[in-house]
Amino acid sequence: MKIRALVNLWEQAELNLMEFSEPGIFNYSTLLLSEKQDALYVGAREAIFELSKKNVTVRNNKVQWTVADKAMRMCTLKGKSKERECLNYIRVLQVVDDEQLYVCGTHAFQPQCDYLNLADFSLKGQPEDGRGKCSFDPSQSFTTVMVDGELYSGTAYNFLGSEPIISRYSPYQPLLRTEYSTSWLNEPSFVFADVVRERRNRADGEDDKIYYFFTEVSVEYEFFGKLLIPRVARVCKGDLGGQRTLQKKWTSFLKAKLVCSMPELNFVFNVVHDVFILKGTDWRDTVIYGVFTSQCGVLNIMGNVGLSAVCAYNMTVVEDVFSKGKYMQKATVEQSHTKWVRYNGITPSPRPGACINNLMRQQNMSSSLHLPDKTLQFVKDHPLLEDPVLPIGNGPRLIAKDVNYTQIVVERVTALDRNIYDVIFTGTDKGVVHKSVVFEEGVHIVEEIQLLKTSEPIKTLLLSSETRSLYAGSDSSVVQSPTAFCGRYPSCDDCVLARDPYCAWDPHTAACVNITSVYLTIHFCITPSLTASSPVDTSASLSSSGSSPPSVLPSFSSSSSSSTSSSSAKPHGVEAREAEVRLLPPLLKDQAWGVHAQEAFLLFCLALGPSDVHIHWLINGHSLDTPILEYRQPVGQREVLVSSWLREGPLIKDAHYHCVAEASTGNAISEVDLRLTVGGISGPDVLWL
């Protein structure tokens with residue numbers, strides 16, 4: 001894949017980049033764009049700002065929200081830091097109406113909420129209990145969304161963070177929440193929630209739905225370590241709880257596994273970090289984008305090797321899983337590590353977890369209060385669906401090496417070739433933003449931008465089509481950036497071959513311009529559309545940030561064990577280096593706990609190296625008689641990702657396994673001892689070289 005521009009904006013004074021921060025104030029991590037006003041609201045540590053969304057350096061208003069001495073003392077008595085944790089981190093900013101915002105802060109581990117009057121930019125001064133609406137801990141994950149004046153949230157309900165809750169707070173109805181059960185929520189890390197309006201375009205009269213996205217500890221399987229699984233959960237907007245069973249609890253709560261994986265390489269991205277829902281005019285046209293990493297990446301001790309992925313999901317696929325998918329139930333007879341299995345019995349009617357529709361109304365079930373206890377008891381005991389939500393193309397749209405994506409926003413753009421493109425902006429933990437474009441043949445990163453001055457995580461990323469700007473929030477500041485830097489392309493060839501749908505060449509001014517900001521007839525200087533490939537490489541004419549760009553893999557096809565990708569252009573000024581051989585997680589020692597004495601097992605090896613890298617296996621120092629298949633995927637111009645797995649029968653005696661990745665530049669070895677222990681279970685006595 002070709003990365004056309006590597007621009008260090010902080011070294012380019014002529015680029016239109018704007019930053020806001022104030023001395024002594026940190027954690028600008030909560031952002032809210034006003035659609036009706038020229039305002040970007042910023043929640044920081046003990047302060048709320050109103051900035052101009054056209055120019056974030058312009059501060060229009062500010063209000064401080066500090067912690068009283070009594071609350072501070074109580075917080076420190078509980079062992080929290082007075083200088084950091086026992087302050088008020090503004091975590092919730094939601095629009096109530098044209099006149100006020102609903103705001104919440106951690107408030108020294110005693111979360112509080114209040115109303116912010118926009119006329120004079122002052123707090124109402126009548127704080128409400130913020131439990132279940134806002135996190136206690138400023139570092140704790142959570143999500144909120146305001147829908148028709150009702151606050152939907154996913155967070156922890158107690159000081160210790162041990163009671164997760166998905167809830168709805170409404171001025172019109174009692175609190176509605178999840179059941180306190182690990183089968184409903186098991187140590188979740190919430191990342192996003194939003195409403196999908198379905199009712200107006202559905203013939204069956206079904207309700208609007210709120211979707212939650214999070215990573216949680218698996219309840220289906222139980223290993224020596226905690227296996228993480230990304231989830232999507234759904235509740236119905238009109239849910240009122242049950243009459244007897246599930247009183248003041250969700251009757252529509254269901255959750256499903258969100259799959260983002262490379263099937264050919266047997267590699268799973270099982271941690272979701274952020275989600276963006278790209279909504280169409282009809283709910284069926286909605287596409288969900290998410291950024292993922294692998295749990296194994298956290299265990300990696302071999303250096304800065306890691307993979308991030310972007311997966312996309314059609315809303316119709318998500319709807320099918322929730323409306324037609326099979327349920328799971330706790331296993332009556334536990335088999336090794338499997339704790340939940342498919343439910344094969346008779347499902348009650350109406351379908352458990354379904355929203356109220358016209359058919360139910362005809363049967364005198366006009367709300368969830370009228371649902372039969374049998375249906376409610378079933379959904380209480382069976383909140384987990386077996387059917388997973390599979391991504392478009394059965395794999396990632398984009399995979400990047402040596403980068404950790406933290407945030408994502410997407411915009412649908414109509415280019416001058418009259419084609420519609422999804423433009424993806426992904427923020428990283430190093431303050432960098434990648435701009436990628438979805439083409440028919442794959443996804444191309446067209447720009448890499450060092451958005452923040454320092455190498456710190458981008459914690460919030462928003463996009464405004466009105467101002468054609470990105471807004472990034474971090475611990476140190478808020479940064480505003482244009483969505484395109486068309487002026488960076490000095491020639492017509494550079495402009496067109498950048499494949500940026502925002503940009504086109506204006507022959508009248510002999511400049512590359514943003515098509516959304518001009519009102520004149522613009523023509524391409526060459527005929528091909530953006531989807532046409534070209535052998536011309538113009539990256540050398542663009543300035544470089546001096547950092548190596550990520551290598552990108554295209555989507556994978558499930559019908560082939562190997563595939564090819566476009567080569568990645570090496571940016572100007574970056575020296576060519578021989579690719580080293582590196583083994584990627586999960587290493588053999590990380591897989592050993594999944595091996596059981598009485599069962600067949602699988603060991604997996606994944607390596608990154610030069611084009612001649614290959615993998616071979618040794619058992620007790622001996623090579624295998626039968627060949628083991630390898631699956632190869634090019635990564636850029638110089639590297640190849642190789643996978644291989646070894647399927648073995650039940651372990652009947654101690655064995656020593658080697659996975660060796662060899663190439664002309666060197667080799668890497670992963671090894672593990674599997675020894676039978678008392679009770680017939682294999683315990684990982686691991687050797688690591």
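The values are calculated or read from the model by the stated rules, or taken from the named source; none is laboratory data. What you see is a predicted model, and the numbers here were worked out from it, not measured in a lab. Quick reminder, even Gly has a Cβ in these numbers, built from the backbone with ideal geometry, and neighbours come from all protein chains shown.
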TODO: Please verify whether region 489-509 includes one or more residues that are at pLDDT below 50 and not in a strand (DSSP E or B).
DONE: no
Task: Hey, Thr426 in contact with a His (Cβ under 6 Å, 6 or more places away or on another chain) and under 30 Å from Arg177 (Cα atoms) or not - done: no
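Does Thr251 fit the bill of being among the hydroxyl-bearing types (Ser, Thr, Tyr), closer than 17 Å to Ile166 by Cβ and buried (at least 16 other Cβ atoms within 10 Å of the Cβ)?
Taking the combined requirement at face value, the residue satisfies it.
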Open item on the list: Testing Ser323 on (1) among the hydroxyl-bearing types (Ser, Thr, Tyr); (2) at pLDDT below 90; (3) in a helix (DSSP H, G or I), one condition comes back false. Which one is that?
Closed with: (2)
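Please verify whether Asp494 is under 25 Å from Arg231 (Cβ atoms), surrounded by fewer than 23 Cβ atoms within 10 Å (Cβ to Cβ) and among the acidic types (Asp, Glu), treating the condition exactly as stated.
Details: under 25 Å from Arg231 (Cβ atoms): no; surrounded by fewer than 23 Cβ atoms within 10 Å (Cβ to Cβ): yes; among the acidic types (Asp, Glu): yes.
Answer is no for this residue.
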Open item on the list: Against the definition (in contact with an Asp or Glu (Cβ under 7 Å, 6 or more places away or on another chain), outside any loop (DSSP other than H, G, I, E, B), in contact (Cβ under 8 Å) with a residue 40 or more places away in the chain and assigned by TED's automatic domain parsing to the domain that holds Leu185), how does Val145 come out, yes or no?
Closed with: yes
Task: Residue check for Phe159: surrounded by fewer than 19 Cβ atoms within 10 Å (Cβ to Cβ), assigned to a loop (DSSP other than H, G, I, E, B) and among the aromatic types (Phe, Trp, Tyr) - done: yes
- [ ] Say whether the condition of being exposed (fewer than 15 other Cβ atoms within 10 Å of the Cβ), over 15 Å from Arg412 (Cα atoms) and of a type in the set (Val, Ile, Thr) is met by at least one residue in region 475-484.
- [x] no
Task: Failed item, numbered, when Ile399 is tested on (1) at pLDDT 95 or above; (2) surrounded by 22 or more Cβ atoms within 10 Å (Cβ to Cβ) - done: (1)
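Which one is modelled with the highest pLDDT among residues in region 639-669 that are among the hydrophobic types (A, V, I, L, M, F, W, C) and not in a strand (DSSP E or B)?
Top of the filtered list is Leu651.
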- [ ] Tell me, please, whether a residue that is of a type in the set (Phe, Trp, Tyr), closer than 18 Å to Phe485 by Cα and touching a residue at least 60 places away in the same chain (Cβ under 8 Å) can be found in region 418-439.
- [x] yes
Task: Filtered residues of region 61-90 (kept if farther than 15 Å from Ile25 by Cβ, of a type outside the set (Gly, Ala, Ser) and outside any helix (DSSP H, G or I)) - done: Lys78, Lys80, Lys82, Glu85, Cys86
TODO: Tally the residues that are modelled with pLDDT under 80, crowded, with 17+ Cβ neighbours inside 10 Å and hydrophobic (A, V, I, L, M, F, W, C), restricting the search to region 266-310.
DONE: 1
